[in-house]
Each structure stands twice: as C-alpha cells, then as structure tokens.
Amino acid sequence: MKTPIRPLVPAALAVAVLAACGGSGDSPAVNTKPAYLGAVPETPYDGNSNDLLTAGLGKTGLAAAAPPAYADPFQPTAAELRRTAIHTNYRAMLDMTAAGGYGLLYGPNVDAQGQVGSGEGKVAGTEYLAFADDGSGRKNVTLMVQVPASFNPAKPCIITATASGSRGVYAGISTGEWGLKRGCAVAYSDKGTGAAPHDLQNDTVPLIDGTRTSARAAGTQAAFQAGLSAAELAAFTQATPQRFAFKHAHSGQNPEKDWGRSTLQAVELAYYVLNERYGTLSGNQRLKTLTPANTITIASSISNGGGAAIAAAEQDTEGLISGVAVSEPAVQMPASLGVTVLRGGTAVPVRGKTLIDYTTYAHLYQACAALAPSVSTSPFAAAFAASFANPALPIAPNRCASLKTAGLLAASTTAEQAEEALQKLRAYGWEPESNDLHASLAAFEVAPAVAVTFANALSRASVQDHLCGFSYAAATAAGAVAPLAPAALAGMFATGNGVPPSGGIQLINNLGKTGPTRDVLSVSAAGVADWNTAGALCLRNLVTGNDVAARKLQAGVDETRRNGHLRGKPAIIVHGRSDALLPVSHTSRPYTALNQQVEGATSKLRYMEVTNAQHFDSFIGLPTVLPGYDTRYVPLHVYLNQALDAVYEHLATGKALPAHQVVRTTPRGGTPGSAPAITAAHVPPLAQVPAAGNAITVTAGAIAIPD
C-alpha cells in the first residue's frame, strides 16, 4: 500500500533544519527562482468579475456558442484574448451540451465530490505566467501556474495540465478544473507548441499574452519567431508570399523530445510561486517549505498533454511527481518493442507504432476508406461523400484510384477500393470500433494536419524547407493562396489550435499543377484532383524510407520514444477503445505492457479501456454537424476525473488503486442528432475490482484485453 504523503513540517522546524545545515542565500533550502525563468508576473482574479477557470464567463458563459466580442477586433487586449482562449479551449475538449453531460457529470457547477450546484463555478485566485528559456528566445516555452484562493498550505497539492494537441497554454483548462476545485495549484505548459503563428509576410509575432507586435520589437520576448535572417525572410516572402510559420512545426527544436522536461519545469514554477506565497519566512527570505515530501503532485492531461505527463514521470529524477492520471495519451513506443497485445485471445499483429507512422498511414488511406459502403451510415459519411466524392470534384475516389496506380490498392471499383483501404487501416492497428470515425476525421483533414506538423517538427525543418512541398497560408474558396483577414490573425492566440487547418489558415500544396493551392483541392502533376497523393506519399516515405530526409525524421522520432519506466509512481491511464486518432493498440495498451515488463512487481500503473469512447468529446456536442456521435459515444472526460480522484485518494490515504479493466458504457442511442439526455447509468464508475469478463490481464511484456 502506498504510504500517504506526509503533512507539512512546522515552520519552526523548517527554520531549525535550515540553521542546522548552515543555510544561507545559496542554500537549497532557500526558495530561489529556477535559472531558466525570466520575469514571473502575477495577476489576481476576484472570482466574480474574472476568475481562473472561466475568465469571468461562468458555467453559462462557457456554454455560450461565442465569447463576448472584442472591443477592437484588430487589436484585442491581453485580457480579452485570455477570456476567449479559455472559452475556446474548454469547449474544444468537452461536450458542452446539457444532454451530453455538461452541468451534470462535469462542468464548473459540479463540485469536487461530483455534486451538482446551481452556481456559475467561478474560481478566485492568482495566475502566474512565464517563459522557460535559455536566454536566446528560441525556446520560450510558456509556463503558467494557477493558485486558487482555496489552496491550503497545510494540505498542499499540485496537478499538471500540459497543453493537448499543438495548442497554447490554456489548452489544459478542462483538466486544470479538477485541480482548482480540489484547491490544488495547477501547473500548465504549452510544451513548445502554440496557436499563434509568425506572420512572415508582415513579420509580426505573438507575445506571451497573445498580443502581436513586430518581430523586431518583440526580440527575445516573442512567443515564437521563425528564426530567419532579414535576407532569408525577404527571399522567402518574395518566392512564397502570405505564408505563416507555426511553433510546433517550425521551431527547429523537435519540441516533443522536451515535453516531459517542460512539464517538470511547470511543476518547478509551481513550487517556486507557492513557496514565495506560503513558504516560511527566514529574515527576508522564503524557505522551500512546500516540497515533494509533503505535497501531492499529480501529472495529468489528455492526448499530447497526457503523453507529456507520462514523459515527465519517466524523466522525474528529483521525485517532483507523486502520481499520474492521464487520458488518451500520445506515447511513442521503443523501436524494439518486444511486447504482445491480445484482444479476445487473438494477438494484434501491428502494434506500438509511433504517431508519425500511423498518422501518415491514415493520411494515405482514410479519405478512400471513408467511402466504404460498410461505413456509409457512420457520422458525416453522407456529407463526406457529397463534398469529396461528387461528380464535379471526385477527390476521394481519385485518391482511391491514385493509390491503385501507386500499387497500394488492388481492387478495381471505387467501392471495392474503399473497403480495401478500410481493411488496411484495420490490419495496421485500428480497432473495428474505429471504423465509424474515419469519414468525419477525413472531412476535418485531421490526419494531414497532424502528419505535416509532426513531420516538420521531428525533422527539425525550417519553414524555408517546405517539407514535402507543404506550407501554411489562407486560401480562397477555390483554393488559391490569399491574405488572411487581419482580425483572424489578431485573435488566433485564442481561437487557433496550432495545427492548420485552423483559424482561417489552410494546408497548402506548393507543388500543385496549377500553382500553390489548398492541399485538399490541389491538382496533381497528372492533372488529377486526388487530395495531393504525391504529398501523402512523400510524408509516408519520411517514415519508411532511407534517404537523407527520412533519416533526419527518424532520428527525431528516436528522441521522443518512451521507456516505460514510471519509477514506481501510482498511475492510471484511461483510453477510449474507439479512438481513431491515437489507436489503443499503438499507445496505451502496449505502454501498459511495457511498463509491466520494465517495472515488474513494483509497477503501480493501471489501465482503463472505455467502450463507446473516442478521442474528441467535443464532437459529441455537435449534434447538428456530426449527428451520430451523440447516439454512439460517451464522454471520456468523466473517466479522467475518476482517474484523478483515484490517484489522489491513493496518495492521500493509501486507498488501493482500481484494477486494470474494460469499462462497459452504454451509448445514449436514439435518433442521430437528437439523442436522449445522458445519465450516470450510461457511464458507470471505475470498479475497484472488475467483473471477470471486464478484467484486463497484464504480465511482463503482454497485455490481454477482453472483447
């Protein structure tokens, strides 16, 4: 059983310990700011006019389709951008409909014990914002700590909420909500990604608060700038005007290799600001009164942020993190994995591939697979066919035909090719439950967006490289490159997701036959609009090839692989079985087996696989856009909150963690687009000891999942 975290030592004892150690200004017992931090400004929020969780909007304002308008849409203030960023990012992670669970199962009005209240759920407290950098201004990872007014220094706790996806620092706000309600400080990091770009045409950049200025005026305080000399910038904009560089894709840092480190830095910032507030005062110095020995710190988040939390736990040589609770984490397996994944007693033949591997594979086949007759009733399948397979512009059928020409499909008709493409995805590690998601993900260009961003990042490519012929720009309805609306750029810190298509910026194929064109509309050298199959093949070659460009990307991938060693920390992973973006057999399943192989009897990792759950809870809340998500899928966020509860109770009281299990949920059913309201019965709680048919078996190097 885990020994509970020790309470704070009395202040007098802390002073005595410092004196006994000959404490001075250089003593490690004195609270000192980490060297990688610059200024750490703080902003208090009263919990009424403004607050930590909802930016003053409350439960009702977050549920509104749009935040309050900017006074000047061309120059929004930092406070306005923060408000919109919180509104955007909270809604981007969750189903915001009452029928889907908002305000009942989760939301600002639902307290830490799960009790539904009638209030707006605003949280008073103080927010700290800082860059982690080496002084060059080239990294400038944004860190943020929120300390609620309810924080109790006698019972201290911290959780991390590293940004999901490629978003900015407020992307983890829906995870941070759990900590704020518990009275915990929340440590955020944008992990070297971010929503706001460097506008290369006009040479403007975002600052840490999202406001924009010229790159020259920003200097080393730019949240991101592309690193081009004046001559390089002039040549670039002349050859390829109206382009944008994004931090995740174009920083040249391969930021993913440092996601664990930046999460740990956020924790270090949290300890620093907490001790500045609550640490024992010795003379005119604050002592490190709050330490890992007396503070519960849980690394948490979702998707890429969840992967960052796992990386942080693996890299935590100083014991900063007490436990881990994550949802649908993006984790990259070792090259020589050596673990087995079984489902229903049958081995999954392809498992543990890296994100860039299976995403470039999806990019090749998903648009074709979306036309398969066997998934014609899946969400958005009919709309996808109407938009991408219409006689005037048969983009998806042309992709199928181009794949056959390339020798990657054998069937003759479009329908047969689509079914073949769907089976290829199944054979490459997607669960059969993922079949119904391919049409909507293809329509939203998810795979190409992720593939291009990560290919650039892992390759440490410059925006000048135009890797595989891709770039980022706004486009006309016909797909031609065009200037971006100034208001869209001014607010992109708050509304973008950092991985175009986003905020009016599109993915551009520079090598289209008719010139640079929006990727999905571009025409191949053979004169065929086939969704730029040549670009997709180029991206795939970076994963499978052996040329210089491929070896460069593959070296970057190797820097991001996890080792499975969580250092014995109690941990829970929850993942939706239907996830088509981060398939479970490439991520959470093999990672659990790897951890058992590495840690053996000392492992405290538990895996919860949730049926009828997928990657994007927010899609469930779009019944008029994506009817059918509401009838088929339940919110995975419910189980992240339960995982956090379980890990916290284990650390605080020693209560045993729940065992590995499949969680059997019940879809809401009904008519697509108007499913009946969800109830607690649809999402049963994690079982402490699951029924035999739900128990997941994990042995050294193997995991067996019941059907």
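The values are calculated or read from the model by the stated rules, or taken from the named source; none is laboratory data. Keep in mind that what you see is a predicted model, and the values were worked out from it rather than measured. For neighbour counting, all protein chains shown are included, and Cβ atoms are generated from backbone atoms with ideal geometry for every residue, glycine included. Ligands, DNA and RNA are stripped out before the accessible areas are found, and what is left, the full protein with its side chains, is counted by its heavy atoms. Shrake-Rupley method; radii C 1.70, N 1.55, O 1.52, S 1.80 Å.
General remarks:
- Output for the range 490-527, where each listed residue is closer than 30 Å to Tyr170 by Cα, open to solvent by 20 Å² or more (accessible area, probe 1.4 Å) and in contact with a strand residue (DSSP E or B) (Cβ under 7 Å, 6 or more places away or on another chain): Phe493, Pro501, Gly504, Gln506, Arg518
- For the range 335-351, the set of residues classified as under 27 Å from Pro448 (Cβ atoms), open to solvent by less than 60 Å² (accessible area, probe 1.4 Å) and in contact with a strand residue (DSSP E or B) (Cβ under 8 Å, 6 or more places away or on another chain) consists of Val348 only.
- Taking residues in the range 561-572 that are among the β-branched types (Val, Ile, Thr), and partners anywhere that are open to solvent by 20 Å² or more (accessible area, probe 1.4 Å) and part of a strand (DSSP E or B), the pairs with Cβ atoms closer than 8 Å and at least 6 places apart or on different chains are Ile572/Arg606.
- Of all the residues in the range 67-83, those that are in a loop (DSSP other than H, G, I, E, B) and either touching a His at 6+ places or on another chain (Cβ under 6 Å) or in contact (Cβ under 8 Å) with a residue 12 or more places away in the chain (or both) number 8.
- Ala415 falls short on exactly one of the conditions (1) open to solvent by less than 10 Å² (accessible area, probe 1.4 Å); (2) in a helix (DSSP H, G or I); (3) not hydroxyl-bearing (Ser, Thr, Tyr), and that condition is (1).
- Here Ser24 fulfils each of the conditions (1) modelled with pLDDT of 95 or more; (2) in a loop (DSSP other than H, G, I, E, B); (3) out of contact with any Lys or Arg (no Cβ under 6 Å at 6 or more places or on another chain); (4) among the hydroxyl-bearing types (Ser, Thr, Tyr) apart from (1).
- In the range 192-204, the residues that are touching a helix residue (DSSP H, G or I) at 6+ places or on another chain (Cβ under 6 Å), surrounded by fewer than 24 Cβ atoms within 10 Å (Cβ to Cβ) and of a type in the set (S, T, N, Q): Gln201
- Pairs, first of a type in the set (A, V, I, L, M) and surrounded by 22 or more Cβ atoms within 10 Å (Cβ to Cβ) in the range 388-412, second assigned to a loop (DSSP other than H, G, I, E, B) and at pLDDT 95 or above, C-beta under 6 Å, six or more apart: Ala396/Leu371; Ala396/Ala389; Leu403/Leu409
- Only one of Thr88, Thr175 that is farther than 23 Å from Ile298 by Cα and among the β-branched types (Val, Ile, Thr): Thr88
- Just one of the listed residues (Leu143, Leu207, Leu228) is in contact with a helix residue (DSSP H, G or I) (Cβ under 7 Å, 6 or more places away or on another chain), among the aliphatic types (A, V, I, L, M) and open to solvent by 40 Å² or more (accessible area, probe 1.4 Å), and it is Leu207.
- Test: residue in the range 632-642 that is hydroxyl-bearing (Ser, Thr, Tyr) and either at pLDDT below 95 or assigned to a helix (DSSP H, G or I) (or both): yes
- Some residue of the range 81-91 being of a type in the set (S, T, N, Q), in contact with a Gly (Cβ under 7 Å, 6 or more places away or on another chain) and more than 18 Å from Ala185 (Cα to Cα): yes
- Flag if Gly600 is farther than 27 Å from Glu177 by Cα, over 21 Å from the mean Cα position of the chain (by Cα) and modelled with pLDDT under 95: no
- Residue pairs meeting the criteria (Cβ under 8 Å; at least 6 apart or on separate chains; first more than 21 Å from Asn563 (Cβ to Cβ), in the range 332-358; second hydrophobic (A, V, I, L, M, F, W, C) and assigned to a loop (DSSP other than H, G, I, E, B)): Leu342/Val348
- Tally of residues being of a type outside the set (Val, Ile, Thr), over 18 Å from Ala534 (Cβ atoms) and in a strand (DSSP E or B) across the range 450-503: 7
- Yes/no for His615 being more than 18 Å from Ala98 (Cα to Cα), modelled with pLDDT of 95 or more and open to solvent by 10 Å² or more (accessible area, probe 1.4 Å): yes
- Residue among Ser434, Ser471, Ser462 that alone is over 19 Å from Thr360 (Cβ atoms) and either within 19 Å of the chain's Cα centre (by Cα) or modelled with pLDDT of 95 or more (or both): Ser462
- Answer residue from the range 621-644, given it is open to solvent by 30 Å² or more (accessible area, probe 1.4 Å) and more than 21 Å from the chain's Cα centre (by Cα) and is farthest from Ile703 (Cα to Cα) among those: Thr624
Condition check ((1) surrounded by 14 or more Cβ atoms within 10 Å (Cβ to Cβ); (2) among the charged types (D, E, K, R); (3) out of contact with any Pro (no Cβ under 7 Å at 6 or more places or on another chain)) across all residues:
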residue	(1), (2), (3)
Asp72	no, yes, yes
Pro76	yes, no, yes
Tyr90	yes, no, yes
Asn109	yes, no, yes
Val116	no, no, yes
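- Only residues that are assigned to a loop (DSSP other than H, G, I, E, B) and open to solvent by less than 20 Å² (accessible area, probe 1.4 Å) were counted in the range 661-675, giving 2.
- Residues that are assigned to a loop (DSSP other than H, G, I, E, B), under 15 Å from the mean Cα position of the chain (by Cα) and buried (at least 24 other Cβ atoms within 10 Å of the Cβ), drawn from the range 561-581: Asp579, Ala580
- Test: residue in the range 57-69 that is under 28 Å from Gln265 (Cα atoms) and either modelled with pLDDT of 95 or more or crowded, with 21+ Cβ neighbours inside 10 Å (or both): no
- The set of residues from the range 167-191 being open to solvent by less than 10 Å² (accessible area, probe 1.4 Å) and among the small types (Gly, Ala, Ser) comprises Ala171, Gly172, Ser174, Gly176, Gly179, Gly183, Ala185, Ala187, Ser189.
- Of the residues examined, Pro658 is one that is closer than 30 Å to Gly600 by Cβ and assigned to a loop (DSSP other than H, G, I, E, B).
- Of everything listed in (1) over 27 Å from Phe616 (Cα atoms); (2) buried (at least 18 other Cβ atoms within 10 Å of the Cβ); (3) at pLDDT 95 or above, the single unmet condition for Glu80 is (1).
- Cβ-Cβ distances below 8 Å connect the following pairs, each with a first residue in the range 691-704 that is on the phi > 0 side of the Ramachandran plot, a second residue that is at pLDDT 95 or above, and a separation of six or more residues or different chains: Gly701/Val339; Gly701/Thr340; Gly701/Ala593; Gly701/Leu594; Gly701/Gln596; Gly701/Gln597.
- Residue count, the range 210-225 (criterion: out of contact with any helix residue (DSSP H, G or I) (no Cβ under 9 Å at 6 or more places or on another chain) and either buried (at least 21 other Cβ atoms within 10 Å of the Cβ) or closer than 15 Å to Asp133 by Cβ (or both)): 4
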